[in-house]
1. Checking B:Tyr259 against (1) of a type outside the set (Lys, Arg); (2) assigned to a helix (DSSP H, G or I); (3) more than 8 Å from chain A (Cβ to nearest Cβ); (4) within 24 Å of B:Pro76 (Cα to Cα), which single condition isn't satisfied?
2. (1) of a type outside the set (Lys, Arg); (2) free of Cβ contacts under 8 Å to residues at least 60 places away in the same chain; (3) over 30 Å from A:Ala134 (Cα atoms): which one isn't true of A:Leu198, the others all being true?
3. Taking segment B:212-240 only, how many residues are over 27 Å from B:Gln278 (Cα atoms) and not hydrophobic (A, V, I, L, M, F, W, C)?
4. If you go through segment B:28-56 one residue at a time, how many are within 13 Å of chain A (Cβ to nearest Cβ), free of Cβ contacts under 8 Å to residues at least 40 places away in the same chain and assigned to a helix (DSSP H, G or I)?
5. State whether one or more residues within segment A:194-209 are of a type outside the set (S, T, N, Q), in a helix (DSSP H, G or I), touching a helix residue (DSSP H, G or I) at 6+ places or on another chain (Cβ under 9 Å) and within 20 Å of B:Tyr248 (Cα to Cα).
6. Tell me which residues, restricted to segment B:247-285, are of a type in the set (Val, Ile, Thr) and either under 15 Å from B:Ile218 (Cα atoms) or free of Cβ contacts under 8 Å to residues at least 12 places away in the same chain (or both).
7. With the condition kept exactly as written, say whether any residue in segment A:223-241 is assigned to a helix (DSSP H, G or I) and either over 27 Å from B:Gln222 (Cα atoms) or touching a His at 6+ places or on another chain (Cβ under 7 Å) (or both).
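The values are calculated or read from the model by the stated rules, or taken from the named source; none is laboratory data. Just so it is clear, the structure is predicted and the values come from calculations on it, not from any experiment. Counting neighbours? That spans all protein chains shown, and the Cβs are built from the backbone with ideal geometry, glycine included.
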Amino acid sequence: MTSRSQRRLGRSILLHLVLTPLALIWLFPLWMMVVFSTMPDNGIFSPGIELLPHDGFLDNFNNLQRDTNFVGAIGISVSVAVTYTFLSVLLTSMAGWALARYDFLGKGVVVAIIFGTITLPYAVVLIPQFIMVARDFQLANTWIALIVPPLFNSLGVLFMRQAFSMMPAELFDAARVEGVKEWRIFLFVALPLARPMLAALAIILFLASWNNYLWPLLINSQPGAMTAPVALGTLIGLTKVSWGGIMAGAVMLTVPMLIVFVLLQRHFIAGIAAGAVK
Amino acid sequence: MRYRNATAYRFLTPYLLIFAIFWIWPIISSFLISFQATRTVPWRFAPTFNWGRLIGDPAFFNALKNTLLILVIQVPVMISLAVVMAVLLNSPLLKARGLYRFAFFAPVVVGEVAYSAVFRLMFSLDFGIVNKLLNSVGLEKIDWFSNVTPAMALIMIAVTWRWAGYNAIIILAGLQSIPDDVYEAATLDRVSKLKQFFYITLPLLKPVIVFCAVLSIIGTMQLFTEPFLITERGGPGGGTETLGLLLYRQGFRSLNFGYASAIAYTMAGLAIAITLVQLWLTREPK
């Protein structure tokens, strides 16, 4: 028995010896983001090795705000992400409900089109979307342009379809016998039961909107209409720009999401892992 | 289940409208646009205008070559790393599991712009922390941005850092769905842990790994932000130019929608081919 528990101990030590350096390497860029955001530019661009935070975050933040209206951009990003998440959860859970709980004419076609196109790269729709929104609808640099086109995303539909089809039919049939209308069953029976799935979906959608870069970069390129990642991106590569400021912006984009991640880890992981549910 | 057309479509219509306008129609539309000369007003139908140009365009082949090179090296490295992370995180011997999970999964929430900025700063030639650390252990510093090979390596390092944990989450979920008694039986038969990994874990994980590989390939194929922001518009001298970047340049800098659509459909063709390979690899054995 001793040799077995010794082997266990040996394996445990080996496991931590492999995993700890890897974990430190993985944390390093995030740690350096925080460190850089607190250092003056002449500190960032000095020959010494600095691995601990200083106290210059506010100065860097002021420099960032001087370079671009970052607070305004954060305001746009938050409003867009909240609205997008709400609308997308609503639309995709309604569609998922219909696909999970009713038989109807054309159902097979709808499901086949969603599944058949899901692995097509987003790049394929980029140009027509841009032409449509910017030229045909004249909606460039508006909130609608940021919120509405990305609502096409069909992963949420499949996710909610899965969630609703796992619920026992008796739940809903009982309500139907009582004469409850279908939309009330959806709203007051099905949705509350799907709360954990809705939470997972909402978190993933919020994050996607918050971090979205390419579409906002293309469609909302005017200074007052930019989202926070786009505003920050315009600074990268400029010569006379405060790098400490850019890092302060990166911290402001990242740290709130890290906190949400820690608090809601379970939902986050469920949402990502469900991407694998077919 | 009940047959209810009206009710079902009342729930479906809002989503289907958006889906048709912003997904299905653009898919058709960009196919049509790729057969038109779009730099004349009005656009005219010219089936070989863009596709003919594509086959003879060195910039396209450069971007294709770079994209495929990143795919072939980065995706296998990242997936292997993700499998290692998932298997080790799943070990019952692990202490402080939450901390390790945080370390590997945290990059999942970090936006492309934020991490591109950090990587750019960390790898800068004279003042980047990476070169300083290399120097301090007696190694030569590397000029990550002026030479093609290190610049490509940097893109691959950045993408791997950002996405390995994401794949590890999916693989970990796959691992946890393997019933314990499979391993218990193997342990009773004195099968070593290493053999258990290669003969039980890996085969059972195959569908999940293939799924992750396909997702990663399709994602990497569209790689845009990293060469756009980290290596400064695909530098040095187009050395890290990808198909995504070329599409951006053609479509939104030169406003050459027809040519950009042809590039987009090349990516779609690759994606379809890869999806078919996935279906074939994970087909049910007869």
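1. Going through (1) of a type outside the set (Lys, Arg); (2) assigned to a helix (DSSP H, G or I); (3) more than 8 Å from chain A (Cβ to nearest Cβ); (4) within 24 Å of B:Pro76 (Cα to Cα) one by one, B:Tyr259 breaks only (4).
2. Here A:Leu198 meets the rest and fails (2).
3. Applying the first criterion (over 27 Å from B:Gln278 (Cα atoms)) to segment B:212-240 yields B:227-240.
If we keep only those that are not hydrophobic (A, V, I, L, M, F, W, C) as well, we get B:227, B:231-240.
Number of matching residues: 11.
4. 3
5. no
6. Result: B:Ile263, B:Thr266, B:Ile272, B:Ile274, B:Thr275, B:Val277.
7. Within segment A:223-241, one or more residues are assigned to a helix (DSSP H, G or I) and either over 27 Å from B:Gln222 (Cα atoms) or touching a His at 6+ places or on another chain (Cβ under 7 Å) (or both).
Listed here are the residues, each with its yes/no results for (1) within 12 Å of chain B (Cβ to nearest Cβ); (2) without any contact (Cβ under 8 Å) to a residue 60 or more places away in the chain.
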{"position": "A:Trp143", "(1), (2)": "no, no"}
{"position": "A:Leu155", "(1), (2)": "yes, no"}
{"position": "A:Pro168", "(1), (2)": "no, yes"}
{"position": "A:Leu193", "(1), (2)": "no, yes"}
{"position": "A:Leu217", "(1), (2)": "yes, yes"}
{"position": "A:Ser221", "(1), (2)": "yes, no"}
{"position": "A:Gly224", "(1), (2)": "no, no"}
{"position": "A:Thr227", "(1), (2)": "yes, no"}
